[in-house]
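The values are calculated or read from the model by the stated rules, or taken from the named source; none is laboratory data. Keep in mind the model is a prediction, meaning the values are calculated, not measured. Note that we place each Cβ from the backbone using ideal geometry, even for glycine, and neighbour counts take in every protein chain shown.
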Amino acid sequence: MGLRSRLWTGITLARDSVTLLRDHPSLLWFPVAAGAGGIAFFLLAAGGALGLLPLAALVDAPEALLYVGAAVGYFGASFVAVLFTAGLMFATRDVMEGRDPSVRGGLATAWEHKSTLFAWAVVSTLVGLVVRGLQESDNLAGVIAGTLLSMSWAVITYFVVPVAIFEGEDIRGVFGRSVGIVRDTWGESLGAEFGLGFVHGILFLGVAAVAGLVFVVTTNVAAAVAVGLPLAVLAFVVGATLNGIAKVALYEYATTGEPPNYFENVDFDVGGDDRRRPTSPTNRPRGGI
């Protein structure tokens, strides 16, 4: 498959993801609830830490308590986001298999894999903190290292959540399995990222255009923000949902060898040699970190 064909496949994949979302807009509730739940958890953790400050002062450890509260809030918010992402993926596969999606059902099934999802949330958060620290350093080598680590990590972990929830892999096996699927679908994955990035760009350009128009008409920054901010949140929610849908479609194709429902017109193997074999978990060695 040539580069142009891969990119076109990604655009088609993004378009079909939009079609699936249009038919099942209830999927949007997953990222909405993830954001609200994550913020609420962080605020509760921070509030609890602040409430305990007088007691911490008695043992001369107020700063340590604040760090603990921030860590609990940060990791907890990350777990909430991962849990709802997993729920979105379960609900998306329900749609692809002809069933009606359910927020409650998706979350209930995701909760069955809470241990692996929590471990993944902790690992991904720690790596994210390391990457941020490197990228914000004054050392050029550190910035470059942080960028390379971020890109490599994104590739290695692209299918971690689908592998964890659909195959029941523990935290030790999800990374090797994810790498295997990425290796078999690297062209489609790259194309999907391009196609989804194109859709995201259109969404946020639309938000900027509307907010700019409001500012031109009213010459009021507050009015432009009042209109633009909710639209930006909506664009982010739509983008996050489309990402989850497309990732499940790629996973289903990689593991079954057949495009799932809603994605039958995506020619994943255009220009290929038809030698792709499904990367079924039953036909592979189980990997670890």
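Check whether at least one residue in the range 116-124 is closer than 20 Å to Tyr74 by Cα, surrounded by fewer than 13 Cβ atoms within 10 Å (Cβ to Cβ), at pLDDT 90 or above and not charged (D, E, K, R), and report yes or no. Steps first, please.
We begin by selecting, within the range 116-124, every residue closer than 20 Å to Tyr74 by Cα; these are 116-124.
Going one step further and asking which of them are surrounded by fewer than 13 Cβ atoms within 10 Å (Cβ to Cβ), we end up with none.
No, because not a single residue in the range 116-124 is closer than 20 Å to Tyr74 by Cα, surrounded by fewer than 13 Cβ atoms within 10 Å (Cβ to Cβ), at pLDDT 90 or above and not charged (D, E, K, R).
Give the residues of the range 107-161 that are assigned to a loop (DSSP other than H, G, I, E, B) and among the aromatic types (Phe, Trp, Tyr), sorted by residue number. Let's see the steps before the verdict.
Filtering the range 107-161 down to residues assigned to a loop (DSSP other than H, G, I, E, B) leaves 112-113, 136-139, 157-159.
Answer for the range 107-161, where residues must be assigned to a loop (DSSP other than H, G, I, E, B) and among the aromatic types (Phe, Trp, Tyr): Tyr158, Phe159.
Find all pairs meeting these conditions: Cβ atoms under 6 angstrom apart; at least six residues apart or on different chains; first residue within the range 125-142 and in contact (Cβ under 8 Å) with a residue 40 or more places away in the chain and closer than 28 Å to Phe79 by Cβ; second residue among the hydroxyl-bearing types (Ser, Thr, Tyr) and not in a helix (DSSP H, G or I).
Close Cβ pairs (under 6 Å, with a partner that is among the hydroxyl-bearing types (Ser, Thr, Tyr) and not in a helix (DSSP H, G or I)) do not exist here.
Touching a Gly at 6+ places or on another chain (Cβ under 6 Å), at pLDDT 70 or above and under 16 Å from Ala240 (Cα atoms) - does that describe any residue in the range 28-47?
For the range 28-47, residues touching a Gly at 6+ places or on another chain (Cβ under 6 Å), at pLDDT 70 or above and under 16 Å from Ala240 (Cα atoms): present.
Restricting the search to the range 214-232, which residues are under 23 Å from the mean Cα position of the chain (by Cα), hydrophobic (A, V, I, L, M, F, W, C) and surrounded by fewer than 14 Cβ atoms within 10 Å (Cβ to Cβ)?
Listed by number, the list holds a single entry, Leu229.
Any idea how many residues of the range 257-268 are at pLDDT below 90 and in contact with a Ser or Thr (Cβ under 8 Å, 6 or more places away or on another chain)?
Of the residues in the range 257-268, 4 are at pLDDT below 90 and in contact with a Ser or Thr (Cβ under 8 Å, 6 or more places away or on another chain).
Name the single residue, out of those in the range 156-177 being of a type outside the set (A, V, I, L, M) and under 14 Å from the mean Cα position of the chain (by Cα), that is farthest from Lys247 (Cα to Cα).
Going residue by residue through the range 156-177, those that are of a type outside the set (A, V, I, L, M) are 157-159, 162, 166-170, 172-173, 175-177.
From what is left, the residues that are under 14 Å from the mean Cα position of the chain (by Cα) are 157-159, 162.
On the way: Thr157: 12, Tyr158: 8, Phe159: 7, Pro162: 8 Å.
Here the answer is Thr157.
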